[in-house]
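Quick notes on the structure that follows.
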Protein chains: 2
Amino acid sequence: MKVCKFGGTSVASAQQIKKVANIIHSDSSRKIIVVSAPGKRHSDDTKVTDLLILLAEKALIGQDAESELQQVLARYEEIAEELGLDGSMNTVIEKDLRERLSLDKEDPILFMDSLKASGEDNNAKLIAAYLQSIGMEATYVCPKEGGLLVNERPQRVQALPEGEELLAELRNRRGIIVFPGFFGYTKDGTLRTFNRGGSDITGSLLAAATGAELYENFTDVDSVFSANPNVVEQPCAIHTMTYREMRELSYAGFTVFHEEALRPAFLRSIPVCIKNTNNPSARGTMIVKERECGSQPVVGIAADDGFSTLFVDKYLMNVEIGFGRRLLQILEDEEIPFEHTPSGIDNMSVIIRDTFLTEEKEARILHRVKEDLDADDVYFRRDYSMVVLVGERMRDTTGLTARAATAIAKTGASIQMINQGSTEVSLVFGIHKKDETDVLRSLYDEFFQTAIARV
Amino acid sequence: MKVCKFGGTSVASAQQIKKVANIIHSDSSRKIIVVSAPGKRHSDDTKVTDLLILLAEKALIGQDAESELQQVLARYEEIAEELGLDGSMNTVIEKDLRERLSLDKEDPILFMDSLKASGEDNNAKLIAAYLQSIGMEATYVCPKEGGLLVNERPQRVQALPEGEELLAELRNRRGIIVFPGFFGYTKDGTLRTFNRGGSDITGSLLAAATGAELYENFTDVDSVFSANPNVVEQPCAIHTMTYREMRELSYAGFTVFHEEALRPAFLRSIPVCIKNTNNPSARGTMIVKERECGSQPVVGIAADDGFSTLFVDKYLMNVEIGFGRRLLQILEDEEIPFEHTPSGIDNMSVIIRDTFLTEEKEARILHRVKEDLDADDVYFRRDYSMVVLVGERMRDTTGLTARAATAIAKTGASIQMINQGSTEVSLVFGIHKKDETDVLRSLYDEFFQTAIARV
């Protein structure tokens, strides 16, 4: 039994939904179908989720939101009509949205959650109706009834294990289950949404709970690529990678499949396959626990900008037991996680994602490091990028660091930081943001173009 | 005015002490002379300090130590006789040693300190007498009278700033001051010794307190070498280096001049010159605040073994704020300083000098990391060496990491850890101990032989 998740572009139009139906029809083991809200049909289009956010914002400030509501309804109406459905689904969706708009607005976040989640929820109802209309046994299942339990606010939304037993039952239901992605319910029945892109999480949770043989994640690309196709021309496809490799790459900037979504599948060792709705016969990318590693040590190269470095100098820091720990305590007091902490004899630096920094936090950190830790010098520097090479076989490969460093040197860029040692799966170079594109291309040439040329 | 320190081999025999007298005589600015105890005269010889330790150990366990005492006295007698001194100095030294042996043994560490320190103390008296005998105006100054104040036990021995004013007065005394190295006195008059090799510290303290124009440290080598001459054949001499470069090299295994001894001179910007008693016209190595950096980015390559790595794995460590800080806290509770902490998405490792680890500490650390931090996996691995490239201009040099990593790859060794980023002065590679010699030679070839060939 497989769990299949279809992303926004896969369910953006009647034409796309027909492809989805064909995909489901072609493999009887595709039983649990998780769907997103209708996404963009073309690059200038607006996602239904974005229309819903506009609608909710208008409603929250008490303005008339009828035109925004009509825009949302129009998207579904168009899809339903092209799918040959009668008008009853339109009535269901309009009633649902008007009910949500009349909900209590005291907690604007919960109100927003409810409106946003309607995108997936109504699309699931619509797709279930379409599958029925073409003769398939398909049922829409609401996450509340299905058992997708989440924790309470203000905690960061996460699924609760208590729901798993009920979710596992989905496996035994007759026919195809159409399940909306992106949201769950607290024990007292309050709707909460996952982070954006959270339909991937729903699919992964369902695959884990039902013990699926495979979690198929349908997107609009044939596979995960070994480098960002916007930077490197026609990068190689990755056919198989491990969970660790995917996590390292997604953490370092690959947006294909977020590590949070990978987690439930990883914990139950459910293989994940990234596939293309528009080209379902393409092999896709399998994400598995272990893989055969060929001669190619690097599976992918990721780059991410938006890093700052906190530099701290203090003479004889090396003989001061506890200095590093106290520096990290100051960051922890500001709720700032750190990425890397290269240290020297008299100095230590901490690399931090800019998103965790504010002017106030920076000022407090500088003050405390100077005063509490009696540092000789402390300052922030900005505009760093981290470039990460990922591959299970990397550390066994003698000369890999030399090749990478040489490829970087060729561009004229200087290496600001290297983190190698803890994991066997990745090698991180800190560089100036301005050098990112050149470095990424040069590393790609070294590890992929050369490799291909050698074959 | 210069402060000159003469190490153990420089004052090991009458012949050597005559060289010292010539060196002092040849430059009237050499005013303050710090001397060690007589060292080895040849490779099979025993240092007077080691004879004194044997003597003190015998005395401490209540055994007859007359033969050990006679061995010590014989060394001084031979020197005095060959220097043409009359027997009065022998009487002084014997009386002094018998007095020390009769001291209270309740605190065996202080008793040991007093016996060990006699090596420098009596040698200073003897050398002062010899200088007088050849017509020089020279006075022995006892550190208690001179003002070398140190802190109380059980603190690690360190000079106290309160003594500095008195020490500074040495500058204004007539003639040459002969000052024994290696020890000072607490405020209540208790003798305490610095760490072994502590005569370098005495010299540095005196140079700093008196504001000397130069601190000359006489040893038995023409200069500091760019790599260990026991590993690399005829390594280049370093003519000038900065305090930072010297500190990084000594921290990483260069034993020529310990960082603790460098500290007082560094803090007052007193230049230090390492010179050879047996070849005083050789240029030596100057250690200064700033230096002209030529085209050569690396000034020296050091290697040190005896490192272990603590590996910690925990799934989703990256989203757990405070994990790194809590791991370092556990090490701090065991009073263990750390060298480097490379970290990955789900793991962190800490590189530690073996000298700080015991079986009990390791067991407690493993238990706490597992229990308190709920780690998935935690273990130690042993037998790492750290190889350090040092040079002020290293970070400005594009491609340096590539050259170093390529030189390491050539040996077939795999790089286990890299620390680059915090300091601009060093680049650290962690390797397996078995690869150390090959890696050091290959790096030397890359950065020194090639450089010479290019000139």
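No value in this document is a laboratory result; all are computed from the given coordinates. These figures come from a predicted structure and were not determined experimentally. All Cβ positions, glycine included, derive from the backbone under ideal geometry; neighbour counts span all protein chains shown.
Observations, loosely collected:
- By average C-beta atoms within 10 angstrom, highest first, the peptides B:137-149, A:19-31: B:137-149, A:19-31
- Over region A:215-322, Cα pairs under 8 Å with separation of 6+ residues give a relative contact order of 35 percent.
- Annotation: peptides A:66-73, A:215-222, B:269-276, ranked by per-residue average of other Cβ atoms within 10 Å with the highest first, follow the order A:215-222, B:269-276, A:66-73.
- Summary value for region B:300-454: 28 percent relative contact order, contacts being C-alpha pairs under 8 angstrom separated by 6+ residues.
- Prolate/oblate/rounded label for region A:2-220 (Cα gyration tensor, a/c 1.5): oblate
- Calculated from backbone phi, Karplus (6.51, -1.76, 1.60) coupling profile of region A:47-54 in Hz, x at Gly/Pro: 5, 4, 4, 5, 4, 5, 5, 4
- Amide H contacts of B:Leu160 (H built 1.01 Å from N, under 5 Å, at least 5 apart or other chain): B:Leu149, B:Val150, B:Asn151
- Whole-Hz ³J(HN,Hα) from phi, Karplus 6.51 cos²θ - 1.76 cosθ + 1.60, for region A:289-294, glycine and proline x: 6, 9, 9, 5, 9, x
- Mean projection area, nm², convex hull over Cα of chain B: 24.6 nm²
- Over 17 Å [Cα-Cα, region B:45-96], rounded percent: 39 percent
- Take each residue of peptide A:66-72, count the partner chain Cβ atoms within 10 Å of its Cβ, and average: the result is 0.
- Residues with amide H under 5 Å from that of A:Glu216, placed H, sequence gap 5 or more: A:Val3, A:Cys4, A:Lys5, A:Cys273
- Acute angle (nearest 10 degrees) that the helix A:199-210 long axis makes with the longest principal axis of chain A, alpha-carbon atoms: 80 degrees
- Computed helical MRE - 222 nm, chain A, DSSP H runs ≥ 4 contributing -39500 (n - 2.57), nearest 500: -11500 deg cm²/dmol
- Shielding by partners, peptide B:412-419 (average Cβ within 10 angstrom, other chains): 6
- Dipole in debye (nearest 20) - region B:254-368, about Cα centre, beta carbon charges: Lys, Arg +1; Asp, Glu -1: 660 debye
- Overall form of region B:165-319 per C-alpha gyration tensor (a/c, 1.5; a/b vs b/c): oblate
- For the protein assembly as shown, a/c is not less than 1.5, where a ≥ b ≥ c are the root eigenvalues of the C-alpha gyration tensor, and a/b tops b/c. That puts it in the prolate class.
- The DSSP beta bridges internal to chain B are antiparallel in roughly 60% of cases.
- Shielding of peptide B:309-318 by partners, expressed as the average count of other chain Cβ atoms within 10 Å per residue Cβ, is 3.
- Short to long, the 5 Å bins of the Cα pair-distance histogram for region A:261-365 hold 2, 9, 14, 12, 12, 11, 10, 11, 10, 6, 2, 1, 0 percent of all pairs.
- ³J(HN,Hα) computed for each position of region A:430-435 - Karplus, 6.51 cos²θ - 1.76 cosθ + 1.60, integer Hz, glycine/proline x: x, 9, 6, 3, 4, 8
- Share antiparallel - DSSP beta bridges, the protein assembly as shown, percent rounded to 5: 60 percent
- Cβ charges +1 (Lys, Arg) and -1 (Asp, Glu), total dipole of region A:118-260, debye: 360 debye
- Ordering B:Pro337, B:Phe380, A:Met241 by the projection of their Cα atoms onto the charge dipole of the protein assembly as shown, which places +1 on the Cβ of Lys and Arg and -1 on the Cβ of Asp and Glu, puts A:Met241 at the extreme positive end.
- Relative contact order computed over chain A (Cα-Cα under 8 Å; 6+ residues apart), in percent: 13 percent
- Residue pairs exceeding 23 angstrom between C-alpha atoms, taken from B:Lys314/B:Lys434; B:Lys40/B:Lys275; B:Lys5/B:Lys144; B:Lys314/B:Lys361: B:Lys314/B:Lys434.
- Expressed as a fraction of 2.2 N^0.38 Å, the value expected for a compact globular protein of N residues, the C-alpha radius of gyration of region B:105-161 is 1.42.
- If you take the Cα centroid of region B:61-121 and the Cα centroid of region A:47-123, the two points sit 97 Å apart.
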